[in-house]
Amino acid sequence: MTAADLSRRRGVVTTTLGVTQTLAWGSTYYLPAVFADPVCEALGLSRAWFFGIFSGALLLSGLVGPTAGRLIDAYGGRDVLAASNIVFAAGLALLAWASGPITLALAWVVIGVGMGFGLYEAAFATVTGLYGREARNAITGITLFAGFASTVGWPASALMIDILGWRGACLAWAFLHLAVALPMNRFLVAKAPPPVPAAAQADAAAGGIPWTMVILAAVFAATAFVSTAMATHLPRVIEALGAAPAAAIFAASLVGPAQVAARMAEFALLRKASPLVTAQLVAGLHPVGAVLLAFMGPAAAIPFVVLHGAGNGLLTIARGTLPLALFGPAGYGLRTGLLAAPARLLQGAAPLVFALVLDSLGPRAALLLSGSLTALSLLALLALARRTRGKGAG
């Protein structure tokens, strides 16, 4: 397929991956919020067991991510993503037949492998293999679709459980992977051109100084910790500061619209700017909101949620575009897989660690912890910007 053909199909590829990523996130990462109670009740397990197993699946997804990236670099992402839909379907089918902690853990092991091969990093690597340095708009477009994964996934899961029970709902999600996502990924995503020759890849990799990767990995890990902690505990934090439960839930529900609005603003206003600018916005918005909420209480709940949601929406774009801008497309899949591994590890620990801080030290301490982590990330990104201006991507 020629470069002109790839360019003409870019809208189809972006839309396809946006739809299939929405399904992938909604049926895996966002599954526990709705499924935890009925599964635990049916299997006689505590929520701690369920979420502990889920945390293990997140960790596993980080461990297999570099392998997925290496495969996409070598062969393109179309077949890898299509295979991930088969893995997701198998894991969800196993989850439907779970009868205790061992079979539940086995199901989440399979789903965790699927997440390592089939979520954002794989989709971003796929479009980077197709479009090289021109992949930024496609990455943003994918996140605009998949930003609604929780908005679609949570109600869909709840409806399926009401109609089919939780086991039937798992099988319904598995069916959607096989009947919808698999053919879309396989037949609508273009086949990648041959990869950059190995010698050119080695030269590109040699241009990156390890400290740049270390800084990016630390920034992505810290911001992922905060994002996951807030996704788990945000209504509770607002309520602990004195808001009524209904008000806390309403404020927290604005995260999704704020994410999508920020991504649209990035596409319209910042797509010509350096991705470092986007990353610095990511790290700078949450600390401002955290300080406001910590010291002003519920009166600042909506401003905090808007700032946090906007930063969280930009975070996903930065995870895809910043490595591309700093290091180029050669070896992109492996590099983003390596960068994602520490983030997955901290994501798995975030709900428990943040809950311990919230319960023992209170909501203000928890907010200041999250604000400090993202403020430190901002300082690291400012140092990285200075470094790259002086020395290039390394």
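The values are calculated or read from the model by the stated rules, or taken from the named source; none is laboratory data. Since we're looking at a predicted model, the values are computed, not measured. All Cβ positions, glycine included, derive from the backbone under ideal geometry; neighbour counts span all protein chains shown. Side chains are part of the model used for accessible areas, which takes the heavy atoms of the whole protein and leaves out ligands, DNA and RNA. Shrake-Rupley method; radii C 1.70, N 1.55, O 1.52, S 1.80 Å.
Trp154 sits among other residues whose Cβ lies under 15 Å from its own Cβ, and their net charge, with Lys and Arg +1 and Asp and Glu -1, is -2. Can you give the FRET efficiency for Thr103 and Leu356, using 1/(1 + (r/R0)^6), R0 = 35 Å, r = Cβ-Cβ distance, to the nearest 0.05? Once rounded, the FRET efficiency stands at 0.75.
For the chain, with a Gaussian network of springs between Cα atoms less than 10 Å apart, report the residue from Gly168, Gly147, Gly18 with the top mean-square fluctuation. Of Gly168, Gly147, Gly18, the Gaussian network model singles out Gly168 as fluctuating most.
Between Ala273 and Ser46, the C-beta separation translates, for a Förster distance of 45 Å, into a calculated FRET efficiency of about 0.45.
By the combined test of axial Cα extent (at least 20 Å) and Kyte-Doolittle hydropathy (mean at least 1.6), the qualifying DSSP H helices of the chain come to 101-118, 275-296.
For the chain, build the charge dipole from Cβ charges (+1 Lys, Arg; -1 Asp, Glu) around the Cα centre, then report which of Ile302, Gly132, Met115 sits farthest towards its positive end. Checked the options; the winner is Gly132.
Heavy-atom accessible surface of Arg364, to the nearest 10 Å², is about 120 Å², with a 1.4 Å probe and all protein chains retained.
Set against the labelled values (1) 0.99; (2) 1.26; (3) 0.96, Rg/Rh (Cα atoms, Kirkwood Rh) computed from this structure falls on (3). If R0 is 56 Å, what FRET efficiency do you get for Val180 and Val214 from their C-beta distance, rounded to 0.05? Taking R0 as 56 Å, the efficiency between Val180 and Val214 is 0.90. Rounded to the nearest 20, the Cβ-based charge dipole of the stretch 7-149 about its Cα centre (Lys and Arg +1, Asp and Glu -1) stands at 500 debye.
Putting +1 on Lys and Arg Cβ atoms and -1 on Asp and Glu Cβ atoms, find which of Leu326, Ile249, Val282 reaches farthest to the positive end of the dipole of the stretch 222-380. Ranked along the dipole, the leading option is Leu326.
For the chain, with all protein chains present and a 1.4 Å probe, just round the carbon and sulfur fraction of the accessible area to a whole percent. On the chain, the fraction of accessible area on carbon and sulfur atoms equals 72 percent.
Approximating the spin labels as points 7 Å out from Cα along Cα→Cβ, the Ile86-to-Glu134 distance works out to 3.2 nm. Over the chain, DSSP H runs of length four or greater, each weighted -39,500 (n - 2.57), average out per residue to a 222 nm ellipticity of -28000 deg cm²/dmol. Annotation for the stretch 319-358 versus the stretch 93-131: alpha-carbon center distance of 16 Å.
Accessible area per residue for the stretch 287-350, computed on protein heavy atoms with a 1.4 Å probe, is 27 Å².
Calculated over the stretch 1-154, the projected area of the Cα convex hull averaged across directions stands at 8.8 nm². For Asp359, Asp79, Asp162, the ranking by accessible surface with the largest value first comes to Asp162, Asp359, Asp79, using a 1.4 Å probe.
Glu134 sits with roughly 120 Å² accessible to a 1.4 Å probe, with DNA, RNA and ligands left out of the calculation. Quick one: among Thr223, Thr20, Thr67, which has the greatest mean-square fluctuation in a GNM of the chain with alpha-carbon springs under 10 angstrom? Residue with maximal mean-square fluctuation among Thr223, Thr20, Thr67: Thr67.
Springs between Cα atoms under 10 Å define the GNM used for the chain, and in it the highest mean-square fluctuation of Gly371, Gly44, Gly284 occurs at Gly44. If only the Cβ of Lys and Arg carry +1 and only the Cβ of Asp and Glu carry -1, the dipole of the chain around its Cα centre is close to 1020 debye.
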